[in-house]
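What follows is a set of notes on a single structure, which appears directly below.
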Amino acid sequence: MAGRDRTGLIAILLLALAGVAPEDILDDYERSATRLSALYALLGQPDDAVRVRARLEAAGTTTTAVVTELLAGLDVEERLRAGGLTAAELDALRERLTVVDEGGSQDAGVVVAVEDGRGAAR
């Protein structure tokens, strides 16, 4: 729900493919989850964090542990090839995620940047 499941996993895969360090991926995931409380309040919905925490506690784990374990055992290229991507598609995807077209093309890629705790990109 709200990007924590399939969308969150896709984001983790793409960040890993782009070469983002596991600790930065975890920071990004946790920051996104933290910011969802404001969205739920705006929508007048109960905060889903309560449900997520309860499920994690019932499983005897934490978000940090789950994401850390996922990343420690993740061969992102192997996982995406198993999903049907070719080597050429993986190369094109990685390039699109990490290369900026300085010419200002509408089809430019995106440089992955992760904010530090003070909001500065690194």
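Every number in this text was worked out from the coordinates using simple rules, so none of it is lab data. Note that this is a predicted model, so its numbers are computed, not measured. Methodologically, a virtual Cβ is constructed for each residue, glycine included, from the backbone with ideal geometry; neighbour enumeration extends over all protein chains shown.
Remark: L90 matches the filter, which requires a residue to be surrounded by 12 or more Cβ atoms within 10 Å (Cβ to Cβ), more than 14 Å from the chain's Cα centre (by Cα) and not β-branched (V, I, T).
When A21 is tested against the conditions (1) in contact with a Leu (Cβ under 7 Å, 6 or more places away or on another chain); (2) surrounded by fewer than 17 Cβ atoms within 10 Å (Cβ to Cβ); (3) aliphatic (A, V, I, L, M), the lone failure is (1).
Within segment 6-101, which helices (runs of 4 or more DSSP H) (wholly inside it) include 3 or more residues that are touching a residue at least 60 places away in the same chain (Cβ under 8 Å)?
Correct list: 6-17, 22-43, 76-82, 87-98.
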